[in-house]
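The values are calculated or read from the model by the stated rules, or taken from the named source; none is laboratory data. Keep in mind that what you see is a predicted model, and the values were worked out from it rather than measured. Glycine gets a Cβ as well: all are built from the backbone with ideal geometry, and neighbour counts include every protein chain shown. To get the accessible areas, we keep the full protein, side chains included, count just its heavy atoms, and leave off ligands, DNA and RNA. Shrake-Rupley method; radii C 1.70, N 1.55, O 1.52, S 1.80 Å.
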Amino acid sequence: MLIDAAMTYRVAIVGAGPSGFYAADGLLRERPDLRIDLIDRLPTPFGLVRAGVAPDHQGTKAVIRQFERLLVQPDVRFAGNVEIGRDVSWEELQQDYDAVIVATGMVIDKKLGVPGEELPFVWGSWRLVAWLNGHPDFREGPDLSQVRRVAVIGNGNVALDVARVLAKSADEMAKSDIVPEAGAAIAAAPLTDITIIGRRGPEQASFTNNELAEMGRLARAVALVDPAALKVEAPKGDPTPERLRKAKNLEILRGFAGNQPGSKPLALRFVFNTPVKAIKPGDYDLVITCIGYTGEPYPKGEGVFAVGWAKRGPSGTIPTNRGESHAVAEQVLAWLKDRDLKSGPDPMPLSVDAAGWHRIDKAEIAAGAKQGRPRVKLTDWKALLEVAQGD
Ligand code: NAP
């Protein structure tokens, strides 16, 4: 049917993280007249960029500038502090919106499934990184005051993020937006050893080259690896980009193999071919599992489209989502093309809108400026809501 200017489709995007914003971007490129609600249970947008990207990787976090441009579009609304199941149901969204895009990501730490995993010194990477990043549901960090030896399980970029943030000096973190309590706890911890443990060989690690190379440039930590573990080649059967990435990783690791143990106060060891069968007290003071994530279920069916990690699982960097979310946006537009418009009342309870988020943003940036940091985050739900709802 033909749509007149005053009447247009309403699309709900559940999850205001990168894949949700890229989906909004894809929709608006073709149909700038659409009305889009970006819904999030937090009063702050940007999902993984705010809560998951390591606080010292400010370059990666700069992508929020692109997303901010969408938030100021007249027909894009941020609906923060709206929880599906509490404030609105999936059924209501499906009933009231012309299409629903699920961009809820994956925020539950996968389990190793080994004895000892429930011990209090074992932390999942989501829980740890959310703490470092000031997520209001994760305000408690591990007690680092006696932590000397840390095991980081997994051979992906999250393992590198975790090891690097623990290994960096306070000076190296000075321009980050790590929450001050976490930064102070790391700086005061008596750390001597961080061991990154892979269940497979170095030729299978999923580290990306730049992130791995960064581990060789840390002020107070020396990267170490047993050269005997590096007598391997990148798998010949892999597609060329994968083979090149793995070959470069091996070259970087061979560089680390020449480093002198003891040349810096902290040893950052890479250990390969070591599946963890059990976790016992005594081996390490803190164990961080960085082995991937799972997500909450969501309804599948007519008019519901998933993007990002909710669709394909926890893989790929933030820019990976751009093309993928744009492709899903095309599918949404094709699906909407011949639909009758739904014309009910505005279904969205608005608690924290874009103006509310901008009040939080302003307060955080002002607090950061006093310390020469990009921002100091508000981490308390009550404070976040008070600032958002202030005038
Ligand atoms: P990942 O790259 O898939 O790595 C997960 C690691 O966990 C793999 O080494 C995997 O080993 C290991 N693992 C899984 N189950 C295990 C088990 N039961 N026991 C031992 N090890 C196990 O995932 P990620 O590190 O969580 O990162 C998620 C995505 O975000 C990735 O695409 C990553 O590149 C991206 N990311 C990017 C950046 C960046 O660009 N700076 C930073 C962080 C994350 P196997 O290979 O043997 O399965």
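What the table shows:
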| read-out | value |
| --- | --- |
| Count of the stretch 296-316 residues which are within 16 Å of the ligand (Cβ to nearest atom) and open to solvent by 30 Å² or more (accessible area, probe 1.4 Å) | 6 |
| Test: residue in the stretch 179-194 that is under 28 Å from E140 (Cα atoms), at pLDDT below 95 and away from the ligand (no atom under 16 Å from the Cβ) | no |
| Identity of the residue in the stretch 274-291, open to solvent by less than 20 Å² (accessible area, probe 1.4 Å) and of a type outside the set (S, T, Y), that ends up farthest from Y22 (Cα to Cα) | I279 |
| Residues within the stretch 33-57 that are touching a Lys or Arg at 6+ places or on another chain (Cβ under 7 Å), open to solvent by 20 Å² or more (accessible area, probe 1.4 Å) and outside any loop (DSSP other than H, G, I, E, B), tallied | 1 |
| The stretch 375-391, residues that are touching a helix residue (DSSP H, G or I) at 6+ places or on another chain (Cβ under 8 Å) and surrounded by fewer than 17 Cβ atoms within 10 Å (Cβ to Cβ) | Q389, G390 |
| Exclusive hit being within 13 Å of the ligand (Cβ to nearest atom) and either more than 17 Å from P314 (Cβ to Cβ) or buried (at least 20 other Cβ atoms within 10 Å of the Cβ) (or both), set E30, E91, E117 | E117 |
| Pairs, first in contact (Cβ under 8 Å) with a residue 24 or more places away in the chain and aromatic (F, W, Y) in the stretch 129-158, second away from the ligand (no atom under 16 Å from the Cβ) and part of a loop (DSSP other than H, G, I, E, B), C-beta under 8 Å, six or more apart | W131/F138; W131/R139; W131/E140; W131/G141; W131/V179 |
| Complete set of residues in the stretch 346-391 that are over 30 Å from A170 (Cβ atoms) and without any contact (Cβ under 8 Å) to a residue 12 or more places away in the chain | D346, A355, H358, E386, D391 |
| Residue match in the stretch 123-143 (condition: within 13 Å of the ligand (Cβ to nearest atom), assigned to a loop (DSSP other than H, G, I, E, B) and among the charged types (D, E, K, R)) | no |
| The stretch 207-226 residues that are within 15 Å of K248 (Cα to Cα), paired with ones that are within 12 Å of the ligand (Cβ to nearest atom) and charged (D, E, K, R) (beta carbon under 7 Å, 6 or more apart) | T208/R245; N209/R245; E214/R164; M215/R164 |
| For R86: the one exception among (1) among the charged types (D, E, K, R); (2) surrounded by fewer than 18 Cβ atoms within 10 Å (Cβ to Cβ); (3) part of a helix (DSSP H, G or I) | (3) |
| 2 or more residues more than 21 Å from V150 (Cα to Cα): qualifying strands (runs of 3 or more DSSP E) within the stretch 223-335 | 304-306 |
| Residue, farthest from P265 (Cα to Cα), within the stretch 196-213, restricted to residues that are open to solvent by 10 Å² or more (accessible area, probe 1.4 Å) and more than 9 Å from the ligand (Cβ to nearest atom) | E203 |
| Matching entry among A79, A16 (being open to solvent by less than 30 Å² (accessible area, probe 1.4 Å), touching a strand residue (DSSP E or B) at 6+ places or on another chain (Cβ under 6 Å) and over 30 Å from V165 (Cα atoms)) | A79 |
| Evaluation of I101 against (1) in a strand (DSSP E or B); (2) open to solvent by 10 Å² or more (accessible area, probe 1.4 Å) (one fails), failing number | (2) |
| Among (1) more than 26 Å from D137 (Cα to Cα); (2) under 25 Å from the mean Cα position of the chain (by Cα); (3) modelled with pLDDT of 95 or more - the single one V72 does not satisfy | (3) |
| Candidate set from the stretch 144-170 (those that are in a strand (DSSP E or B) and more than 9 Å from the ligand (Cβ to nearest atom)); member that is surrounded by the fewest Cβ atoms within 10 Å (Cβ to Cβ) | R149 |
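Yes or no, residue by residue, for (1) within 16 Å of the ligand (Cβ to nearest atom); (2) surrounded by 13 or more Cβ atoms within 10 Å (Cβ to Cβ):
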{"position": "I318", "(1), (2)": "yes, yes"}
{"position": "A334", "(1), (2)": "no, no"}
{"position": "D338", "(1), (2)": "no, no"}
{"position": "M348", "(1), (2)": "no, yes"}
{"position": "V352", "(1), (2)": "no, yes"}
{"position": "G356", "(1), (2)": "no, yes"}
{"position": "R359", "(1), (2)": "no, yes"}
{"position": "A366", "(1), (2)": "no, no"}
